[in-house]
Amino acid sequence: MVLSSPHSSRLKYLSLGVLVLQTTSLVLTMRYSRTLKEDGPRYLASSAVVSAEVLKIFACTLLVFIENNFSVQLLKEEIVNKPVETMKLAIPAVIYTLQNNLLYVALSNLDAATYQVTYQLKILTTALFSVSMLGKRLGFYQWLSLLFLMAGVTLVQWPTESEGDSEQKILSASSQFVGLMAVLMACVSSGFAGVYFEKILKETKQSVWVRNIQLGLFGFVFGFVGMIVYDGQKVRQSGMFQGYNTITCTVVALQALGGLVIAVVIKYADNILKGFATSLSIIVSTLISYFLLEDFNPTGVFFLGAVLVIAATFLYSSERKPASSSAIKV
């Protein structure tokens, strides 16, 4: 199936645009929520992951009901009566759950610049998994664009000496190592799970919202078990929703929205374009930090990185692959 109709193209770029906005908002609010000092216990990352999965399930279920005149027959046929198809989502669900928890660990142990730069390794892992699992063929200029993108994002997020020194005084060597390992594991898991989910979506005619319900159900189970195992004592002492406030609820909502937007993106585009959208969102968030939050001073290195990222985006999109190599049989 080749998604080349004007309607599919509009959906592709619209979903990418929404993903940029969602990722930008999530980065800013999540980082703020993990550094905000307040009285009482901080909210549990594992609880936030579970809450986001529940919200995503409710949203997808509502969308399925709307599309099917509020009939539950489709959900019964696709989820209950097709256990084998449903079980296919267990693998990406457990990996996504692990990845979401790892990102909270990373943001709690690394400064924003180091986290954002290192996390862009997921673009490369996604490309490698796309080639090995989906049989995609990237041309020379597309591989070159990936290198440009990595260099550009690194330059955009390159910390200044003063920022680096101040962060190093706060963060210990052990926490730096924990944060780095969390980001690296999240990059590998993000690439594999994203491509695996893309393969499932593009090899079936099943609704993307039904697939997200299946994914969310497994994600809720794995996330809840993880919360009980690692934070069970804290949950028993102060409850699952300890430390929740407006910012926390916003982070949970943005995480749930991100899962829906990403599902649309990999249905009508692909995971590598999703990586470019995420990288562009980092530039947007940096600009917002400068013009609105006034906590960032752009340098020549920043502008050079921005140019490289924009050039990489156009370079990747400009090369057209033959239909035989880009088509996916369903």
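Taking interchain pairs and intrachain pairs at least six residues apart, which have beta carbon atoms under 7 angstrom, with the first residue in the stretch 50-75 and within 15 Å of Val261 (Cα to Cα) and the second open to solvent by 50 Å² or more (accessible area, probe 1.4 Å) and among the aromatic types (Phe, Trp, Tyr)?
Final answer for the pair search is Glu53/Phe220; Ile57/Phe220.
Need a quick list: helices (runs of 4 or more DSSP H) entirely within the stretch 219-330 having at least 1 residues that are surrounded by fewer than 21 Cβ atoms within 10 Å (Cβ to Cβ) and modelled with pLDDT of 65 or more.
Where helices (runs of 4 or more DSSP H) fall fully within the stretch 219-330 and carry at least 1 residues being surrounded by fewer than 21 Cβ atoms within 10 Å (Cβ to Cβ) and modelled with pLDDT of 65 or more, they are 246-268, 271-288, 300-318.
What helices (runs of 4 or more DSSP H) completely inside the stretch 35-137 contain at least 3 residues that are over 20 Å from Thr204 (Cβ atoms) and open to solvent by 20 Å² or more (accessible area, probe 1.4 Å)?
45-67, 90-109, 112-119, 121-134
Please go through the stretch 17-33 and pick out each residue that is more than 17 Å from Val261 (Cβ to Cβ) and surrounded by fewer than 17 Cβ atoms within 10 Å (Cβ to Cβ).
Once the filter is applied, which keeps residues that are more than 17 Å from Val261 (Cβ to Cβ) and surrounded by fewer than 17 Cβ atoms within 10 Å (Cβ to Cβ), the stretch 17-33 yields only Tyr32.
The values are calculated or read from the model by the stated rules, or taken from the named source; none is laboratory data. Being a predicted model, the structure only gives us computed values, none of them experimental. No Cβ is skipped: glycine too gets one built from the backbone with ideal geometry, and neighbour counts run over all protein chains shown. Side chains are part of the model used for accessible areas, which takes the heavy atoms of the whole protein and leaves out ligands, DNA and RNA. Shrake-Rupley method; radii C 1.70, N 1.55, O 1.52, S 1.80 Å.
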